[in-house]
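Down below is the structure, laid out as structure tokens.
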Amino acid sequence: MADPSRATRILREVFGYDAFRGQQAGIVQHVAEGGDALVLMPTGGGKSLCYQVPALMRPGVGVVISPLIALMQDQVAALREAGVRAEYLNSSLDYREALAIERQARAGELDLLYMAPERLVTERGLALLDDLDIALFAIDEAHCVSQWGHDFRQEYLQLAVLAERYPQVPRIALTATADENTRREMLERLHLTHARVFAQSFDRPSIRYRIAPKDNPRRQLLQLIRDEHPGQAGIVYCLSRKSVEETAAMLVAHGIDALAYHAGFDADERRERQQRFTDEAGVVMVATIAFGMGIDKPDVRFVAHLDLPKSVEGYYQETGRAGRDGLPAEAWMVYGLADVVQQRRLIDLSEADETFKRAANAKLDAMLGLCETAGCRRQYLLAYFGESIGPCGNCDNCQNPPATYDGTEAAQKLLSCIWRCERASGYGFGAQHIIDVLRGQRTEKALQRGHDKLSTFGIGADLDEAQWRAVLRQLVTLRFINVDHDNYGVLKLTEDSRAV
């Protein structure tokens, strides 16, 4: 049996902590004694200690599989500073450097060796492992094995070889993002059927969740930073590289210390910008989702999304980069109908099979559900990951409950207007024209097509344009309306709309 006092001593002397948090002690004990484990722990919950400490307790070298070069480099640098003999093998090394590290590993001169999954599963990578006395395998970001997940990586599927080739070596898989299906997939695909599952609460009580409709998103972002987070570090996520660069330039023009980051920059430029964000206070990083995994900056006070994420998992992981020091932080997002249309279009145009597209659409529906809910956002978010809590009191809907009403009549008016406009003209129309007709706006288009004579002309004058757009978003989310993105955003009724 592993000595718990030894684990605590390593924790204190090497890592500088007086005590384990949450389930860390139980996980360390289980793995140090040779058990397999699946660890589900929120971002910032201290996952790395769960494999670093048992690796130092057991004879041999701990092999850590990680998908990100930046993450490996940061962790190895921190371990070396703490006096741990750690190295990494990934594509950033030249042949001679890699050879030297392999020699060190074979000579028993390493405590921890980080490897990229694509390097580990090569003949050379497995030949190296065959020559080592291995303390444990740690599979970080294990959700990457899920083919339906938001961050799938092909090489992760091949990691099942570790169970077959090294059955006596304990394995620990770790992630901060996994719904019930992804958990089952991780256990199955990584051959962890007998692993003990340690699931810590996914709740991050220090984060306040706020989601609002888009209304000039860059102006909304500027107002958020100026009014609520002046001089504070934050991350802003945008869908496209162009949007990243334009948003960063806008912030800089308004005196905010902002940087752009996306995969279009070369490796040195990305590294330099990441270093500035990590080391300096008050930098706002505007980025695509290429940025963030493995970033260990505790004082990020806000994470903002200017575009709708593809899934609740992606949203949770990205917002989890805020407030890792446990102090109050904010997850802020604006979204609109165009986001929904764009995400659906990306799914439709992808070369994936129908099963994958159905799964991707279901994930997008869940994300839209979070945006459109009138209830507690945290309650919805945690329910997605299988947790049950009461209203949190720390999200926009708890603090300012939205007014709700029976929208059946408004929905009927909108659906009827779409149908009548199309029947009158022989073709469909986009959101703006339909709303204009509902509100009785005598636009040139309405008059030319005789839509001012329709029975639905002006029947929605009691609601303003923003309110009608909110109704439309709800009906698109509920799949009563499709937006034909290949045909100028024309609104089409679905089979389900007949019942309404």
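The values are calculated or read from the model by the stated rules, or taken from the named source; none is laboratory data. Everything quoted here is computed from the prediction, not taken from an experiment. Every residue, glycine among them, receives a Cβ derived from its backbone with ideal geometry; neighbour counts consider all protein chains shown. For the accessible areas, the whole protein counts, side chains as well, though only heavy atoms, and no ligand, DNA or RNA atoms are used. Shrake-Rupley method; radii C 1.70, N 1.55, O 1.52, S 1.80 Å.
For the reader, a short list of remarks on this structure follows.
- Meets criteria (within 25 Å of residue 88 (Cβ to Cβ), in a strand (DSSP E or B) and either free of Cβ contacts under 8 Å to residues at least 60 places away in the same chain or within 19 Å of the chain's Cα centre (by Cα) (or both)) for residue 212: no
- Single condition residue 386 does not satisfy, out of (1) in a helix (DSSP H, G or I); (2) in contact (Cβ under 8 Å) with a residue 60 or more places away in the chain; (3) closer than 30 Å to residue 178 by Cβ; (4) not charged (D, E, K, R): (1)
- Extreme residue, least open to solvent (accessible area, probe 1.4 Å), among residues of segment 346-383 that are free of Cβ contacts under 8 Å to residues at least 60 places away in the same chain and basic (Lys, Arg): 357
Residues checked against (1) hydroxyl-bearing (Ser, Thr, Tyr); (2) surrounded by fewer than 23 Cβ atoms within 10 Å (Cβ to Cβ); (3) closer than 22 Å to residue 473 by Cα; (4) out of contact with any Gly (no Cβ under 7 Å at 6 or more places or on another chain):
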{"position": "247", "(1), (2), (3), (4)": "yes, no, no, yes"}
{"position": "258", "(1), (2), (3), (4)": "no, yes, no, yes"}
{"position": "265", "(1), (2), (3), (4)": "no, yes, no, yes"}
{"position": "284", "(1), (2), (3), (4)": "no, no, no, no"}
{"position": "298", "(1), (2), (3), (4)": "no, yes, no, yes"}
{"position": "314", "(1), (2), (3), (4)": "no, yes, yes, yes"}
{"position": "323", "(1), (2), (3), (4)": "no, no, no, yes"}
{"position": "334", "(1), (2), (3), (4)": "no, no, yes, yes"}
{"position": "344", "(1), (2), (3), (4)": "no, yes, yes, yes"}
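- Among the conditions (1) acidic (Asp, Glu); (2) open to solvent by 70 Å² or more (accessible area, probe 1.4 Å); (3) in a loop (DSSP other than H, G, I, E, B), residue 203 misses just one, which is (2).
- Any hit, segment 115-133, residues being out of contact with any Cys (no Cβ under 8 Å at 6 or more places or on another chain), closer than 28 Å to residue 6 by Cα and not in a loop (DSSP other than H, G, I, E, B): yes
- Any chance residue 492 is within 40 Å of the chain's Cα centre (by Cα) and of a type in the set (D, E, K, R): yes
- Residue match in segment 385-398 (condition: open to solvent by less than 30 Å² (accessible area, probe 1.4 Å) and aliphatic (A, V, I, L, M)): no
- Criterion violated by residue 5 - all others in (1) open to solvent by 30 Å² or more (accessible area, probe 1.4 Å); (2) touching a residue at least 24 places away in the same chain (Cβ under 8 Å); (3) of a type in the set (S, T, N, Q) satisfied: (2)
- Residue within segment 93-109 that is touching a residue at least 60 places away in the same chain (Cβ under 8 Å), open to solvent by 40 Å² or more (accessible area, probe 1.4 Å) and out of contact with any Ser or Thr (no Cβ under 7 Å at 6 or more places or on another chain) present: no
- Out of 70, 19, sole residue that is under 21 Å from the mean Cα position of the chain (by Cα) and surrounded by fewer than 23 Cβ atoms within 10 Å (Cβ to Cβ): 70
- All positions within segment 188-198 that are in contact (Cβ under 8 Å) with a residue 12 or more places away in the chain and either in a helix (DSSP H, G or I) or open to solvent by 50 Å² or more (accessible area, probe 1.4 Å) (or both): 189, 191, 194, 196, 197
- Test: residue in segment 141-164 that is surrounded by fewer than 22 Cβ atoms within 10 Å (Cβ to Cβ), among the hydroxyl-bearing types (Ser, Thr, Tyr) and either in contact (Cβ under 8 Å) with a residue 24 or more places away in the chain or not in a loop (DSSP other than H, G, I, E, B) (or both): no
- Out of 427, 405, one residue alone is touching a strand residue (DSSP E or B) at 6+ places or on another chain (Cβ under 8 Å) and open to solvent by 80 Å² or more (accessible area, probe 1.4 Å). It is 427.
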